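The values are calculated or read from the model by the stated rules, or taken from the named source; none is laboratory data. These figures come from a predicted structure and were not determined experimentally. Positions of Cβ are backbone-derived with ideal geometry, glycine not excepted, and every protein chain shown enters the neighbour counts. To get the accessible areas, we keep the full protein, side chains included, count just its heavy atoms, and leave off ligands, DNA and RNA. Shrake-Rupley method; radii C 1.70, N 1.55, O 1.52, S 1.80 Å.
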Amino acid sequence: MTDNLSYLEENDPAVFTALKGEEQRQKSGIELIPSENYTFPEVLATLGSVFTNKYSEGYPGRRYYGGQEFTDQIETLARERAKVVFNCEHANVQPLSGSAMNQAVYLGLLEPGDTVMAMDLSHGGHLTHGAPVSHMGKLFNFVRYVTDPSDGSIDFNQVRKDALASKPKMILCGYTSYPRDVDYAAFKAIADEVGALTMTDASHFGGLVAGGSMRNPIDFGFDVVTTTTHKSLRGPRGGLILCTKKLASKIDKSVFPGLQGGPHMNAVAAIAVTLLKAQTDEFKQYAHQVLSNAKTLATALIENQTALVTGGTDNHMMVLNTVESFGLDGRMAEEVLDKVNITTNKQIIPDDPNPPLRPSGIRIGTPAATTRGMVDADMQQLAQWIVTCLQNPEDEALLGQTRDEVTAFCERFPVPGL
Ligand SMILES: *Cc1c(COP(=O)(O)O)cnc(C)c1O
């Protein structure tokens, strides 16, 4: 690795300099974007390995190219480990990203025009859950359920009525900005009544399910669970589709040759590495600490007059209504925190009256900070910095001083692999 980087330094100083800059940025700031993380050093090494050179269209034992002795080994390892970690019958480890993984599920199990029930996007659903701007939103008919923003609850009588009326082929739960857990049993009962497939997109909390800190939809009889591998799971960028034996062949055919060509075998190898890590006690402890940190951070923010959507969190993330709390829209709040090396992202809130680029809030989460070893006491400090800066967005002296404090604080928490 070091050798390869010194080639880069010598032959492409522009890219090398940007890479070093990004390393420094990741070290000297606190990463609170809930979808980001610092991966394992072994994953970085595997991603930069010779597996990137190899074409492996097809599946282990059934490839369209020769020379597959070792790629077959790693893909089989990744699949078997995924089945153990998520307690499922079948795993496809080839999706190139979360978006491709969800597309492969819809395209493999549904017909164009079919109805899918999914969470309203401003209430927490993801772009790939049929946003009107997405291709999937044009191909399929998405009907929406909403949450009660005061506590995050879902009115299942209403969901049932809407499901009986719209007859979805699939009911999808899972989210990108919903700070609560899902009542899988309630969704499953409604799906069974209307004859719909059940799918959870666990992209954000896959690592917390793997670590045993959040419930596993498979245990509630869900047909399909998808998760990205680079968020709370701390692996390389990629996606996993976990499903029943019955759907295995449809899912595999949908990923390849339906949607993708050659899988990225360097990422598949890195997913195998991640899924062995996910079985360790250390990872269980990590997942537990992510949730504990989130609870502590949420409580500290609320104690400091910050309005949280749903009033708190049951997972690793929270959505702050910055307009209500500080008179700042989400873009302004994100910019103020950027100035002090605390990275967050602007976020629409349920039924947001403001547009997506100037929404009413920000979203923060604890997976990355926890990877660096931050614990509950550090969350108190973090809440103080966030609130003080958002209350005084124009106090350059305060922001400068906070930035110095954050940078010094970060030195206590090494980034894995750096
Ligand atoms: C992040 C995310 C995705 C998409 O993942 P990409 O790798 O960015 O394509 C899909 N669904 C949910 C719920 C997500 O949070």
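Given springs between every Cα pair under 10 Å in a Gaussian network model of the chain, which of ASN392, ASN92, ASN293 has the largest fluctuation?
ASN392
Build a GNM of the chain with springs between Cα atoms under 10 Å: which of LEU121, LEU208, LEU110 gets the top mean-square fluctuation?
Taking springs between Cα atoms under 10 Å, the residue moving most is LEU110.
Going by the alpha-carbon gyration tensor, a ≥ b ≥ c the square roots of its eigenvalues, is the range 45-277 rounded (a/c under 1.5) or, if a/c is not under 1.5, prolate (a/b greater than b/c) versus oblate? Provide the component values of the computation, followed by the final result.
On the way: a/c = 2.05, a/b = 1.68, b/c = 1.22.
Prolate, since a/c reaches 1.5 and a/b exceeds b/c.
How many nm separate the modelled label positions at VAL15 and ALA377, each set 7 Å beyond the Cα in the direction of the Cβ?
Between VAL15 and ALA377, the label points sit 4.4 nm apart.
Past the 20 Å Cα-Cα mark, which pairs from LYS231/LYS277; LYS169/LYS231; LYS167/LYS246; LYS169/LYS250; LYS54/LYS231? It would help to have the intermediate numbers written out before the result.
Values: LYS231/LYS277 14 Å; LYS169/LYS231 28 Å; LYS167/LYS246 22 Å; LYS169/LYS250 15 Å; LYS54/LYS231 26 Å.
Long pairs (Cα-Cα over 20 Å): LYS169/LYS231; LYS167/LYS246; LYS54/LYS231.
Evaluate the distance, in nm, between pseudo-label points positioned 7 Å from the Cα of ASN4 and of HIS135 along their respective Cα→Cβ axes.
Taking the two extended label points, one gets 3.0 nm.
Taking 0.36 nm per intervening residue step and subtracting the Cα-Cα distance, what contour gain separates ALA45 from ALA189 on full extension?
Numbers: separation 144, 0.36 × 144 = 51.84 nm, distance 4.43 nm.
Gain on extension, ALA45 to ALA189, equals 47.4 nm.
Quick one: which residues, 5+ away or cross-chain, put their amide H under 5 Å from the amide H of ILE362? H built at 1.01 Å from N.
LEU320, THR322, GLN347
Mean residue ellipticity at 222 nm from the helices of the chain, using -39,500 (n - 2.57) per DSSP H segment of n ≥ 4 over the full residue count, to the nearest 500 deg cm²/dmol? Present the calculation step by step, with values, prior to reporting the outcome.
On the way: 17 runs with 191 residues, N = 418.
Counting only the DSSP helices, I get -14000 deg cm²/dmol.
On the principal axes of its Cα set, how long, how wide and how thick is the range 289-410? Give whole Å, largest value first.
Over the range 289-410, Cα extents along the principal axes are 37, 36, 23 Å.
Rolling a 1.4 Å sphere over the protein heavy atoms, what is the accessible area per residue of the range 129-257, to the nearest Å²?
On the way: 4850 Å² over 129 residues.
About 38 Å² of surface per residue is accessible.
On a straight-distance basis, which aspartates and glutamates could pair with LYS346 in a cross-link, Cα separation under 17 angstrom, same-chain partners fewer than 8 positions away excluded?
Of all the aspartates and glutamates, those that pass the test against LYS346 - Cα under 17 Å, at least 8 places apart if same chain - are GLU31, GLU36, GLU324, ASP329, GLU334, GLU335, ASP338.
Can you compute 3J(HN,Hα) from phi for each residue in the range 283-294, using the Karplus curve 6.51 cos²θ - 1.76 cosθ + 1.60 with θ = phi - 60°, rounded to whole Hz and x for Gly and Pro?
Per residue, the Karplus-derived 3J(HN,Hα) values read 6, 4, 4, 4, 4, 4, 5, 4, 5, 5, 4, 5 Hz.
Using θ = phi - 60° and the Karplus form 6.51 cos²θ - 1.76 cosθ + 1.60, what ³J(HN,Hα) does each residue of the range 172-181 get, whole Hz, x for Gly and Pro?
Values per residue, Gly and Pro as x: 10, 10, x, 6, 10, 8, 10, x, 10, 8 Hz.
With a 1.4 Å probe and all protein chains left in place, how much accessible area per residue does the range 289-410 have, in Å²? Intermediate results must be reported in sequence, preceding the final value.
On the way: 4530 Å² over 122 residues.
So the range 289-410 comes to 37 Å² accessible per residue, rounded to a whole number.
How much solvent-accessible surface does ASP329 expose, in Å² to the nearest 10, with a 1.4 Å probe and all protein chains in place?
Approximately 20 Å² of ASP329 is accessible to the 1.4 Å probe.
Is the shape of the range 94-216 rounded, prolate or oblate, going by the alpha carbon gyration tensor and its root eigenvalues a ≥ b ≥ c, with a/c under 1.5 for rounded and a/b larger than b/c for prolate?
Rounded, since a/c falls under 1.5.
Which value in nm describes the separation of the simple spin-label points at GLU411 and GLU23, placed 7 Å from the Cα toward the beta carbon?
It works out to 1.9 nm between the two label points.
Pop out the carbon and sulfur fraction of the accessible area of the chain as a percent, whole number, probe 1.4 Å. Provide the component values of the computation, followed by the final result.
Working: 9240 of 17550 Å².
It is 53 percent, rounded to a whole number.
Cut-off 18 Å, label point 7 angstrom out along Cα-to-Cβ of SER249: give me the residues of the range 74-89 whose amide nitrogen falls inside.
Within reach of a label on SER249, which here means backbone N under 18 Å from a point 7 Å along Cα→Cβ, the range 74-89 contributes 89.
Using a ≥ b ≥ c from the Cα gyration tensor of the chain (square roots of the eigenvalues), is it rounded, prolate or oblate, where a/c under 1.5 gives rounded and otherwise the larger of a/b and b/c decides, a/b for prolate?
Taking the square roots of the gyration eigenvalues as a ≥ b ≥ c, the chain is oblate.
List every residue whose amide H lies under 5 Å from the amide H of TYR38, counting only residues 5 or more places away in sequence or on a different chain, with H placed 1.01 Å from N in the peptide plane.
none
Long-range amide H contacts for THR200: which residues qualify at under 5 Å (H placed 1.01 Å from N, peptide plane, sequence gap of 5 or more or a different chain)?
For THR200, whose amide H was placed from the backbone, the distant partners under 5 Å are CYS173, VAL224, VAL225, THR226.
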